Structure formats: C-alpha cells, structure tokens
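Some notes on the structure that comes next.
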Amino acid sequence: MKPAFLELTQGARRVPVRFAGETLMLPEGANLAAALLAAGVTVFRHTPVSGAPRGPFCMMGACFDCLVEVDGSVRQACMIEVAEGPEIARPHVGEPDETL
Ligand code: FES
C-alpha cells in the first residue's frame, strides 16, 4: 500500500535506520516521526492497557502517541532527527491487560 504521507526531503542523504527489525533508508536530519510516516510506518506503539495502536498525532511533542524506543530509551519520535545507526522498536508490544 502506498504511504499516505509524502516525503519533502527527497534530495537528502539516506541512512539506514532499524525499526521493528526492519532496515529503512530514511533521510538524514529529517524529523523521525515524519520520515517513518513517509516510509509507510503508521503504528509506532501500542497502548499498555488495551493494546490499541498509536501513531503520531500532534507532531509537536504534546500527545506522546509517537513514542518509540531508541537504543533502549523511550522517546518521542516527533522530537528527534533521523540519524544513522539507532535501533528503534515499538515500546510496548505485549498483549492487552485483561485484568483492567
Ligand atoms: S506526535 Fe505528539 S508527541 Fe509526537
């Protein structure tokens, strides 16, 4: 399926970024959340209670729906730039908590 978002930095140097076990070639220096969306990634995390999928919403650091784990630290993808080499994962991939 074609991504719903267009990339604006088409001339930028591409660097490899590992996301959820897959290597993506993203534009260096671009906003990480925007670059992942343009690459077709729509689910960045799952909520810990219901397991509902979440992706970037505000793109300005307010909603925390873009949380990803970057080299072991949970960060807002919309607040960091694409750089070569980090291992990025979805921070919560477990089953929904049925006890709540
Ligand atoms: S998209 Fe809202 S905090 Fe990143």
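The values are calculated or read from the model by the stated rules, or taken from the named source; none is laboratory data. For clarity, every value in this text was computed on a predicted model and none was experimentally measured. Neighbour counts run over all protein chains shown; Cβ positions are idealised from the backbone, glycine included.
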Among the residues that make up segment 30-45, is at least one of them surrounded by 13 or more Cβ atoms within 10 Å (Cβ to Cβ) and over 12 Å from the mean Cα position of the chain (by Cα)? yes
Taking segment 29-72 and keeping residues among the polar types (S, T, N, Q) and at pLDDT 95 or above leaves N31
On the basis of being surrounded by fewer than 15 Cβ atoms within 10 Å (Cβ to Cβ) and not in a loop (DSSP other than H, G, I, E, B), does M25 make the cut? yes
Has segment 71-85 got at least one residue that is part of a loop (DSSP other than H, G, I, E, B) and within 14 Å of the ligand (Cβ to nearest atom)? yes
Selection from segment 42-69 of residues that are in a loop (DSSP other than H, G, I, E, B), of a type outside the set (G, A, S), more than 6 Å from the ligand (Cβ to nearest atom) and within 17 Å of P3 (Cα to Cα): T42, V43, F44
